[in-house]
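S.K.: Below is one structure. I have some questions about it.
The values are calculated or read from the model by the stated rules, or taken from the named source; none is laboratory data. Small disclaimer: the values here were computed from a predicted structure and weren't measured. Every residue, glycine as well, gets a Cβ built from its backbone with ideal geometry; the counts of neighbours run over all protein chains shown. Only protein heavy atoms, including side chains, enter the accessible area calculation; ligands, DNA and RNA are left aside. Shrake-Rupley method; radii C 1.70, N 1.55, O 1.52, S 1.80 Å.
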Amino acid sequence: MTRGFLLLFLSLIFLGSASLAADPLSADGDDGYQLWLKYEAVTNPTIKAEYLKYTAFIGQPLKGELLQSASRELQTGLKKLLGKSVNITNSLGGRSGGIVFKIETGADSAQKAEGYQIKLLGGNIVVSSKSEQGILYGTFALLRHMQMQQPMKGLSIASSPKVRYRMLNHWDNPDGTIERGYAGQSLWKWHELPERVDPRYTDYARANASLGINGTVLNNVNASARFMSQEYIVKVAAVANVMRKYGIKTYLSVYFAAPKTLGGLTTSDPLDPQVRAWWKEKVAEIYKEIPDFGGFLVKANSEGEPGPQDYGRTHADGANMLAEAFRPYDGIVIWRAFVYKADPNADRFKAAYEEFVPLDGKFDPKVIVQVKNGPIDFQPREPFSPLFGNMPKTPLGVEFQITQEYLGFATHAVYEAPIYKECLDSDTFVNGSGSTVAKVVDGSLHGYARTLMAGVANTGNSRNWTGHPLAQANWYAFGRLSWDHQLSSEQIAQEWVALTLTRNQKASEHITALMLRSREIYVDYNTPIGLSRPWMGVHFAPEPWQNKGSRPDWTAVYYHRADSIGLGFDRTASGSNALAQYRPEVQQQWNNPDKTPLPYLLWFHHVRWDQKLSTGRSLWEELCTRFYTGADSVVWMQQQWDLAKENLDTQVYADVAERLKVQRREALWWRDAWVLYLQTFARQPVPAGFNPPKQTLDEIKRSVNVYLMR
């Protein structure tokens, strides 16, 4: 090997391992790698001078691992924000003019261990908490305050998380693929671990810690037993060693049949003594390598995955067996409620309620049941799951999508905070008015000791992490809401734009407006007025005509039920009666088609094509209006983005501008597919003012079939 080649080789290794903290903008501009931790230089001279008053030192009285991470982050942030290197000291000696960490052992008992306070005291900025983890979160909060160039005068910030377990669920596979992943391959390089630990893992941990996320499930819920092998436990431990430095616990999804496939047993029956012993030994083996292991996430007896029902047992039997294995440790079992049987006469909407509500109170205290926000499957809009409020004796966590499985993958800009808020703010009425889903999830309604909010991650090995640059905002929004669900979608959007894209006020207003309307625009051209599931085999292309599947609920026609009379799924007493799973006050909102809010109309009612709606238009006219105005509104999104152009990095601007062009083309595709297909039932012309699609339905179908070819 020549010396020149060796130098080139070493330089490539160095560049490949550079961390986010030291990652400069690329030669062509901002490549998105730094996320919301760019720490762009403070430009306001008055604010900068004010900040510099507190850069004499960083006071770190103790040497805990999390405190060291906080100090390093503060050094990085201050260097970039203010251009000043700040030293760390363990001896304060009455000094002032610095930023000081303080563990408050006698702090107000109302403050949770992970909570923090930031205030001016004795000429210093003091970040205090009961725990090192709280200090770390407070440090990120202080840096967020400074990135947004907020004044220090009267500084007083106090915050505690409302939910205990705040985690990402990665649907990553051992071969590097990601189920429902649209940002490249998996972050986890299993073939390199444990010897080589990619520095990107540290950058991932920093980004999560900055939002207060404290857990990560590394692998797909459609799990491989491989992760229970000693070979992979050691690999997982290497990742956990990185996560630990930022207060993040590592979890694994488990394959319920692992005792048979990996352990060589003849059964995986949760009541079999040998099976129970196998899991106890396996959990002990994991804790030997990962002493702070978080626990297991389980998908069982769902979509073909094995589970306790294979042996005539219940979900509680399966979950409790695993919980028993965790009894000597701090770990938990998270059991997913995403289940539905292949019953041609059933309504999938009702499945989770029917299986889990009878088990309320039968789960071990170490078990949390994780419920998707809606009763079907991450649709662009769904009513909240009726499980919320109906299992008062069982901790229920909420599962949101961050990855855009049914939201246009990585080519459509859809800001998801309104989806999260719509669910969290929904009133279950279980204990009267104000019994919101958020109060169920945070434990305040039923007194759950263990509370959970999970998001299916949208990260991959794409340089900018999420594929679409604006999709970073969904990761950010999930983290912020898992910490404090009372934050508004608008506040979070404004924060993210200021931290990530631009501090210019006018540009921020244009981008924030785009983000806040993006979900409704997508719904209008994709699934307006409560339509759901217009795709099955592709998950990307419009397929409202899809009627062939191994089971009825794996077809599109099962959900929208278009016929010559009308459209929509009757879930009232005259239909599947799914509405009966909600409290009477909720039923009243949705029971009468004339009074049901339009966003939920077709979720609960089969409506005639000529039925006049609250807008004054017939169902057919309203649908066409939504399809056309939704697709045309993507042009408005392009205009808003262009208005911010002069205050955006050129690389980021171009990336989003090009994706918006794709979104416009695909929105027209969705519009035409729906209009032409539904027109075969409604047998009415496209309303005046809208041009009929140029393509035929057969031509649209052929364009979709391309995505089904091998």
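S.K.: From the list Leu142, Leu168, Leu136, Leu155, which residue is more than 22 Å from Ile213 (Cα to Cα) and of a type in the set (A, V, I, L, M, F, W, C)? First the steps, then the outcome.
M.R.: Details: Leu142 fails: more than 22 Å from Ile213 (Cα to Cα); Leu168 fails: more than 22 Å from Ile213 (Cα to Cα); Leu136 fails: more than 22 Å from Ile213 (Cα to Cα).
Only one candidate qualifies: Leu155.
S.K.: Restrict the check to segment 322-335 and report whether at least one residue is more than 28 Å from Gly294 (Cα to Cα), of a type in the set (Val, Ile, Thr) and at pLDDT 95 or above.
M.R.: Keep residues of segment 322-335 that are more than 28 Å from Gly294 (Cα to Cα), which gives none.
Looking through segment 322-335, none of the residues is more than 28 Å from Gly294 (Cα to Cα), of a type in the set (Val, Ile, Thr) and at pLDDT 95 or above.
S.K.: Can I ask one more? Anything in segment 277-291 that is open to solvent by less than 60 Å² (accessible area, probe 1.4 Å) and assigned to a helix (DSSP H, G or I)? List them, or say none. Give the steps one after another, and end with the answer.
M.R.: Pass one, segment 277-291, residues open to solvent by less than 60 Å² (accessible area, probe 1.4 Å): 277-279, 282-287, 290.
Those that are open to solvent by less than 60 Å² (accessible area, probe 1.4 Å) and assigned to a helix (DSSP H, G or I): Ala277, Trp278, Trp279, Lys282, Val283, Ala284, Glu285, Ile286, Tyr287.
S.K.: What do you reckon, is Ala498 more than 24 Å from Ser633 (Cβ to Cβ) and assigned to a helix (DSSP H, G or I)?
M.R.: Values: more than 24 Å from Ser633 (Cβ to Cβ): yes; assigned to a helix (DSSP H, G or I): yes.
The answer is yes for Ala498.
S.K.: Tell me which residues, restricted to segment 150-185, are polar (S, T, N, Q), open to solvent by 10 Å² or more (accessible area, probe 1.4 Å) and farther than 20 Å from Ala70 by Cα.
M.R.: Going residue by residue through segment 150-185, those that are polar (S, T, N, Q) are 150, 156, 159-160, 169, 173, 177, 185.
Next cut, open to solvent by 10 Å² or more (accessible area, probe 1.4 Å) only: 150, 156, 159-160, 173, 177, 185.
Gln150, Asn173, Thr177, Gln185, listed by residue number.
S.K.: Out of the residues in segment 558-586 that are assigned to a helix (DSSP H, G or I) and within 16 Å of Gly530 (Cα to Cα), state the one that is nearest to the chain's Cα centre (by Cα).
M.R.: Once the filter is applied, the top-ranked residue is Tyr559.
S.K.: Something else: Go through segment 355-383 and give me each residue that's over 28 Å from Ala183 (Cβ atoms), open to solvent by less than 10 Å² (accessible area, probe 1.4 Å) and not in a strand (DSSP E or B).
M.R.: Result: Phe356, Pro383.
S.K.: Restricting attention to segment 538-557, and to residues there that are assigned to a loop (DSSP other than H, G, I, E, B) and β-branched (Val, Ile, Thr), which single residue is nearest to the chain's Cα centre (by Cα)?
M.R.: The initial filter retains those residues of segment 538-557 that are assigned to a loop (DSSP other than H, G, I, E, B), namely 538-551, 555-556.
Okay, now just the ones that are also β-branched (Val, Ile, Thr), so 538, 555.
On the way: Val538: 22, Thr555: 26 Å.
Of everything passing the filter in segment 538-557, Val538 is nearest to the chain's Cα centre (by Cα).
S.K.: Another question about this same structure. Has segment 388-398 got at least one residue that is among the aromatic types (Phe, Trp, Tyr), open to solvent by 10 Å² or more (accessible area, probe 1.4 Å) and more than 21 Å from Ser518 (Cα to Cα)? Write out each step before concluding.
M.R.: Just the residues of segment 388-398 that are among the aromatic types (Phe, Trp, Tyr), to begin with: 388.
Narrowing the set further to residues that are open to solvent by 10 Å² or more (accessible area, probe 1.4 Å) leaves none.
No, that holds for no residue.
S.K.: Determine the pairs where a residue that is without any contact (Cβ under 8 Å) to a residue 12 or more places away in the chain and more than 15 Å from Ser703 (Cα to Cα), located within segment 535-550, has a partner that is open to solvent by 30 Å² or more (accessible area, probe 1.4 Å) and outside any loop (DSSP other than H, G, I, E, B) with Cβ atoms under 8 Å apart, the partner being 6 or more residues away or on another chain.
M.R.: Asn547/Val557
S.K.: Do any helices (runs of 4 or more DSSP H) lying entirely in segment 193-269 carry at least 2 residues that are more than 30 Å from Lys162 (Cα to Cα) and open to solvent by 30 Å² or more (accessible area, probe 1.4 Å), and which ones are they?
M.R.: On the way: elements: 200-209, 230-244, 258-261.
Where helices (runs of 4 or more DSSP H) fall fully within segment 193-269 and carry at least 2 residues being more than 30 Å from Lys162 (Cα to Cα) and open to solvent by 30 Å² or more (accessible area, probe 1.4 Å), they are 230-244, 258-261.
Matching residues to (1) in contact with a Ser or Thr (Cβ under 8 Å, 6 or more places away or on another chain); (2) outside any strand (DSSP E or B); (3) crowded, with 24+ Cβ neighbours inside 10 Å:
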| position | (1), (2), (3) |
| --- | --- |
| Thr403 | no, yes, yes |
| Thr411 | no, yes, no |
| Val414 | yes, yes, yes |
| Lys421 | yes, yes, no |
| Gly434 | no, yes, no |
| Lys439 | no, yes, no |
| His446 | no, yes, no |
| Arg450 | no, yes, no |
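S.K.: Right, here's the next one. Can you name the residue in segment 520-534 that is farther than 13 Å from Gln663 by Cβ and within 19 Å of the chain's Cα centre (by Cα) and is also least open to solvent (accessible area, probe 1.4 Å) among such residues?
M.R.: Residue satisfying both the conditions and the ranking: Val523.
S.K.: Within segment 1-40, how many residues turn out to be modelled with pLDDT of 50 or more, within 19 Å of Ser71 (Cα to Cα) and hydrophobic (A, V, I, L, M, F, W, C)?
M.R.: Looking only at segment 1-40, we keep the residues that are modelled with pLDDT of 50 or more, and these are 28-40.
Of the ones still in play, those that are also within 19 Å of Ser71 (Cα to Cα) are 34, 36-40.
Going one step further and asking which of them are hydrophobic (A, V, I, L, M, F, W, C), we end up with 36-37.
Adding up the residues that qualify gives 2.
S.K.: May I ask you to say which residue of Leu66, Leu74 is in contact with a Gly (Cβ under 8 Å, 6 or more places away or on another chain), surrounded by 21 or more Cβ atoms within 10 Å (Cβ to Cβ) and not in a strand (DSSP E or B)? Give the steps one after another, and end with the answer.
M.R.: Details: Leu74 fails: in contact with a Gly (Cβ under 8 Å, 6 or more places away or on another chain).
Within the list Leu66, Leu74, the selection yields Leu66.
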